[in-house]
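The values are calculated or read from the model by the stated rules, or taken from the named source; none is laboratory data. Since this is a predicted model, take the numbers as computed values, not measurements. So basically every Cβ, Gly included, is an ideal-geometry build from the backbone, and we count neighbours across all protein chains shown. Accessible surface areas use protein heavy atoms only, side chains included; no ligands, DNA or RNA. Shrake-Rupley method; radii C 1.70, N 1.55, O 1.52, S 1.80 Å.
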Amino acid sequence: MTAFTLVQLSDIHLSRSRPYFQFNYDIALEALAEIAPDAVVVTGDLALNGPDDSADVAFAAEQLGRIAVPCHVVPGNHDVGLVPFKGGLHQPINNDRLAIYRDIFGADRFAVEIGNWKLIGFNSQLLGSGLAEEEEQFAWLAAELGERTAPTALFLHYPLFIDTIDEDRSTHMNVVPAARRRVLDLVARAPGVKLIASGHLHEDRRLDLDGICYQWAPATAFMSSDGSLGGDAYNGFLVYRFDGDDFTVERVEPTFMINMDIRNWSHSEPHGYYEVVKRPFPSVG
Ligand SMILES: [Fe+2]
Ligand SMILES: [Fe+2]
């Protein structure tokens, strides 16, 4: 197989008890069935409130089981928790949260070969976490990448950076600078890396730099008009068509998908989204 099609879904934010975003996920699956890709990659935030409710993680796994083609998944902050920094914050990643996710999904990373490409997905929530699993993952990533010259794509939830590759930005939007540097040092030894794709920001943006395409994916679940980070906010997903060493990226905005704007959720103190998802889901009748 020299040519193949891959769909990147991201940020599906599913929950059986609080199904705010189930509709858009169902529409995404309808569109996916028409496209009939060879494989799907899902770049995290599978669950609505995974760090505090493992039932959401289990439900997301069940829902991803509806995808009929091979589906490769990495977690996000709403699955295993946030990377703590500057004294830590809400819902940090820890060994218990990671163990629950791994128990349900089997692993928090993947490496597969399709055609002449290698697709490597890893857990961005470990990057800068200080957990023992962070070092283990770096060793695994170093072994998977080696000095590869064959075409390679990386997938993770957080983007490595927002605007510039050496920016000093420690936020919950991106991989913290020290860990980013370590990833990029590994990438520098593997010139086959042509694509680094992420989720988390719920915006679509492409930046081509030094032979690598840095691609942010839109969310299927929701967006927020609170303020753009420089991408296009819409609900949908991405289709990659790989042919030989080249690829194209196409955005898909399914006709029946609804652009869900959660701007109002940010008014809920002190943690916006994190407060709203604890609220009982409104019932009908
Ligand atoms: Fe998300
Ligand atoms: Fe996220």
Out of LEU154, LEU126, which single residue is within 15 Å of ligand 2 (Cβ to nearest atom) and in contact (Cβ under 8 Å) with a residue 24 or more places away in the chain? LEU126
Could you check the stretch 136-164 and list, in sequence order, the residues that are surrounded by 13 or more Cβ atoms within 10 Å (Cβ to Cβ) and under 22 Å from PRO218 (Cβ atoms)? ALA153, LEU154, PHE155, LEU156, HIS157, TYR158, PRO159, LEU160, PHE161, ILE162
Could you check how many residues of the stretch 226-285 are surrounded by fewer than 15 Cβ atoms within 10 Å (Cβ to Cβ), of a type in the set (Val, Ile, Thr) and within 17 Å of the chain's Cα centre (by Cα)? 0
The condition of being assigned to a loop (DSSP other than H, G, I, E, B), farther than 22 Å from ASN49 by Cβ and not polar (S, T, N, Q) holds, among PHE256, PHE242, PHE281, only for PHE256
Candidate set from the stretch 2-39 (those that are of a type in the set (Val, Ile, Thr) and under 17 Å from LEU238 (Cα atoms)); member that is farthest from ligand 1 (Cβ to nearest atom): THR5
Take the residues in the stretch 165-197 that are among the basic types (Lys, Arg) and more than 13 Å from LEU127 (Cβ to Cβ), then tell me which one is most open to solvent (accessible area, probe 1.4 Å). ARG189
Restricting to the stretch 60-97, count the residues that are at pLDDT 95 or above, in a loop (DSSP other than H, G, I, E, B) and buried (at least 24 other Cβ atoms within 10 Å of the Cβ). 4
Flag if ARG206 is more than 16 Å from ligand 1 (Cβ to nearest atom), open to solvent by 10 Å² or more (accessible area, probe 1.4 Å) and at pLDDT 95 or above: yes
Any idea which of (1) hydrophobic (A, V, I, L, M, F, W, C); (2) crowded, with 21+ Cβ neighbours inside 10 Å; (3) closer than 16 Å to VAL7 by Cα is the one LEU201 doesn't satisfy? (3)
Specify which of the listed residues (VAL42, VAL57) is under 22 Å from PRO254 (Cβ atoms) and either assigned to a loop (DSSP other than H, G, I, E, B) or within 16 Å of ligand 1 (Cβ to nearest atom) (or both). VAL42
Among the residues of the stretch 185-215, which ones are more than 16 Å from ligand 2 (Cβ to nearest atom) and of a type in the set (A, V, I, L, M)? LEU186, VAL187, ALA188, ALA190, VAL193, LEU195, ILE196, LEU207, LEU209, ILE212
Out of the residues in the stretch 1-19 that are over 19 Å from the mean Cα position of the chain (by Cα) and at pLDDT 95 or above, which is farthest from ALA61 (Cα to Cα)? ALA3
Looking only at the stretch 209-225, count every residue that is within 16 Å of ligand 1 (Cβ to nearest atom) and open to solvent by 50 Å² or more (accessible area, probe 1.4 Å) and tell me the total. 1
Does the stretch 13-28 hold any residues that are among the aliphatic types (A, V, I, L, M) and surrounded by fewer than 19 Cβ atoms within 10 Å (Cβ to Cβ), and which are they? ILE27
Would the stretch 47-54 turn up any residue that is more than 18 Å from TYR273 (Cβ to Cβ) and touching a residue at least 40 places away in the same chain (Cβ under 8 Å)? yes
